[in-house]
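Only one structure is covered here, and it is reproduced in the block below.
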Amino acid sequence: ALNGSAARPLAGRRALVTAGPTAEPIDPVRLIVNRSSGKQGYAIARALADLGAEVTLVSGPTALETPAGVTRVNVETARQMLAACEAALPADVAVMVAAVADWRPDEAAGQKIKKTGEGPPALRLVENPDILATLSRGPLRPKLVVGFAAETNELEAHARAKLARKGCDWIVANDVSQGGVMGGDVNTVSVVTAQSVERWERLDKAEVARRLAARIAQDLG
Ligand code: CTP
Ligand code: CA
């Protein structure tokens, strides 16, 4: 049998995980929202907790239950997600799995926008803060910062570019060209670092999470 420290190599470590979509209000009844079930992020939060980490899961709206032993903070917008992440620091590792809306309506209307018969309203969008880049370059940067990227083509080139642009340590790039990933239970990922690329076979999201948590435990030593 494994002894305590071998089974729980992340005991005493703090982990921050983001998951799910963000939702950006247009008015009190309408949102701009990304496609994300939250399954991969929740599985990672669970796997890190299973290895003994103290996990804060900052989550956009999902239909999922909080994994046992994980502290969950619910948010809606990207700006709320950034604030909740900053409040959860310091941490030893951050894993940013959330599908953050890249843009939000400049100003949410205070009242429901009505159809006027004169056509749809023009929405002016502004860019949201990049949570991953902000944490990666911030004063309380976790020792290990991991981003995710869903790509349909040129997976590794896009992942390498994101590593450099965002200042994180690893990008877990998932191939969403095949279908079945969004909302599904399996994932095909590559773990891209500045020095290496590891291509993993098609796996259950729970198994991707366990392998990633083990790799994180190894990296943090
Ligand atoms: N991310 C973030 N904040 C944002 C946008 C993205 O923290 N405002 C994080 C995601 O959680 C993910 C990583 O950055 O870990 C990559 O997200 P992705 O959407 O692939 O990157 P973008 O820079 O937004 O590029 P793209 O134009 O491909 O959407
Ligand atoms: Ca994006």
Along the charge dipole of the chain, which of Pro105, Pro120, Ala159 sits closest to the positive end, that is, farthest toward it, with unit charges on the beta carbon of Lys, Arg, Asp and Glu (+1, +1, -1, -1)? Pro105
Positive-pole candidate from Leu51, Thr22, Ala150, dipole of the chain, charges at beta carbon: Leu51
Could you tell me which residue out of Ala87, Asn34, Ala7 lies farthest along the dipole of region 1-136 toward its positive end? Charges go on the beta carbon: Lys and Arg +1, Asp and Glu -1, centred on the Cα centre. Ala7
Residue-by-residue Karplus 3J(HN,Hα) for region 36-49, coefficients 6.51, -1.76, 1.60, Hz, glycine and proline x: 6, 7, x, 4, 5, x, 5, 5, 5, 4, 5, 5, 5, 5
For the chain: accessible area per residue (Å², 1.4 Å): 52
Give the Cα extents of the chain along the principal axes, in whole Å, largest first. 70, 35, 33
Compute the acute angle (0 to 90°) between the alpha-carbon long axis of helix 78-88 and the principal axis of greatest extent of the alpha-carbon atoms of the chain; round to the nearest 10°. 30
Taking only DSSP H segments of four or more residues, each worth -39500 (n - 2.57), what value at 222 nm results for the chain once the sum is divided by all its residues, to the nearest 500 deg cm²/dmol? -8500 deg cm²/dmol
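Quick check: from the Cα gyration tensor, does region 72-186 come out rounded (a/c under 1.5), prolate or oblate? List each step's numbers first, then the result.
Numbers: a/c = 2.17, a/b = 1.42, b/c = 1.53.
It is oblate, given that a/c is not under 1.5 and a/b is not larger than b/c.
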Could you state the angle between the C-alpha long axis of helix 205-220 and the longest principal axis of the C-alpha atoms of the chain, as a value from 0 to 90 degrees rounded to the nearest 10? 60
Quick calc, region 1-97, dipole around Cα centre from Cβ unit charges on Lys, Arg (+) and Asp, Glu (-), nearest 20 debye, gives 180
Relative contact order (%) - criterion: Cα under 8 Å, at least six apart; region: region 1-124: 35
Could you give the distance between the Cα centres of region 150-191 and region 111-146, to the whole Å? 21
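Over region 52-107, what is the mean sequence separation of C-alpha contacts under 8 Å (at least six apart), divided by residue count, expressed as relative contact order in percent?
On the way: 42 pairs, mean separation 17.3, N = 56.
Here the relative contact order equals 31 percent.
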Determine the relative contact order of the chain: mean sequence separation of Cα pairs under 8 Å and six or more apart, normalised by residue count, in whole percent. 20
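Charges at C-beta only: +1 for Lys and Arg, -1 for Asp and Glu. How large is the resulting dipole of the chain about its Cα centre, in Debye rounded to 20?
Computed charge dipole of the chain: roughly 240 debye.
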Portion, in percent, of the accessible area of region 53-120 that falls on carbon or sulfur, probe 1.4 Å: 48
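Taking loop as defined by DSSP and a crowding limit of 14 other beta carbons within 10 Å, which chymotrypsin sites (Phe, Trp or Tyr not before Pro) in region 122-206 fit? Let's see the in-between values first.
Working: sites: Phe148, Trp170, Trp200; in loops: Trp200.
Loop-located and lightly packed - none at all.
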Projected onto their principal axes, the Cα atoms of region 1-59 stretch, largest extent first, over whole-Å spans of 55, 17, 11
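The values are calculated or read from the model by the stated rules, or taken from the named source; none is laboratory data. On a predicted model such as this, the values are computed, not experimentally measured, just so you know. Please note: Cβ atoms are built from the backbone with ideal geometry, for glycine as well, and neighbour counts cover all protein chains shown. Just so you know, the surface numbers come from the protein's heavy atoms only, side chains and all, with ligands and any DNA or RNA stripped out. Shrake-Rupley method; radii C 1.70, N 1.55, O 1.52, S 1.80 Å.
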